[in-house]
Structure formats: C-alpha cells, structure tokens
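Student: Okay, here's the structure, questions in a sec.
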Amino acid sequence: MNIPNEIYEYAQKYGIDWTSTGGGCDFIIRTIGQTELKLADPKDTGWCPDSIDNECVVCIESNGNWNGEKVKKFPNCRDAIKWMANYPWVEGETST
C-alpha cells in the first residue's frame, strides 16, 4: 500500500477504506452509490498526499470518471477525511 500509515489509520477511524489501482497509485476512497470520493495530492491527483498535515483535495467522481468532476480543497488530510465521512455535504455548499 502506497498510502502513509498516519493517513490510512485516520481514515479507518471514520470507516473509510482504501483502494489500489494496480499501477502503484493507492488512494483513500469512499464509495456512495455511483459516486467516489478520492483523497489526493493537489499538485497531482494521481497520488495520495505524503503526510496527514499536507494540503490535499478530495476528487468527487462518478460513473467511473477518475478525472475528478469536482475537486474540493482542504488545508490538511484530517479535515478532508472528516468531510469525506460526512458526505454528502449540506445542500447549497459549493465545491472549491
């Protein structure tokens, strides 16, 4: 698994799992129906952040679109994982 242990363990506290692409890119991911939330590095969404304290994004993807139809920015992975655990967000909130 190519996910820092601190990120993996924090996600597990919220019942969020991980997935492997088979190409060396592993992600913290939450699937709700046809929607997938993927924790990613903001500089390259093909990778997981290097540290739980790093800035990150959550890519909101549906129907197998791994390009991130919407991306929401976070100052650190803790905030992102908490948001992922509580998705869907309150109606009226916009992604940034």
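Student: What does the charge add up to near ASP53, with Lys and Arg as +1, Asp and Glu as -1, over the other residues with Cβ less than 12 Å from its Cβ?
Tutor: Neighbour charge sum, excluding ASP53 itself: -3.
Student: What is the distance, in nm, between label points placed 7 Å from the Cα along the Cα-to-Cβ direction at THR19 and at ASP44?
Tutor: Distance between the two pseudo-spin positions: 2.1 nm.
Student: Also, I was wondering about something else. Sequence-distant or interchain residues sharing an amide H contact under 5 Å with THR45, placed H: which?
Tutor: Result for THR45 returns nothing.
Student: Given points 7 Å out from each Cα along the Cα-Cβ axis, report the GLN12 to GLU69 separation in nanometres with one decimal.
Tutor: Calculated label separation equals 3.2 nm.
Student: Leaving out ligands and nucleic acids, note down the accessible area per residue over the chain with a 1.4 angstrom probe, in whole Å².
Tutor: 56
Student: Share of the chain's accessible area from carbon and sulfur, percent, 1.4 Å?
Tutor: The nonpolar share, carbon plus sulfur, comes to 44 percent.
The values are calculated or read from the model by the stated rules, or taken from the named source; none is laboratory data. None of the values given here were measured: they were computed from a predicted structure. Glycine gets a Cβ as well: all are built from the backbone with ideal geometry, and neighbour counts include every protein chain shown. We work out accessible area using only protein heavy atoms, side chains counted, and drop any ligands, DNA or RNA first. Shrake-Rupley method; radii C 1.70, N 1.55, O 1.52, S 1.80 Å.
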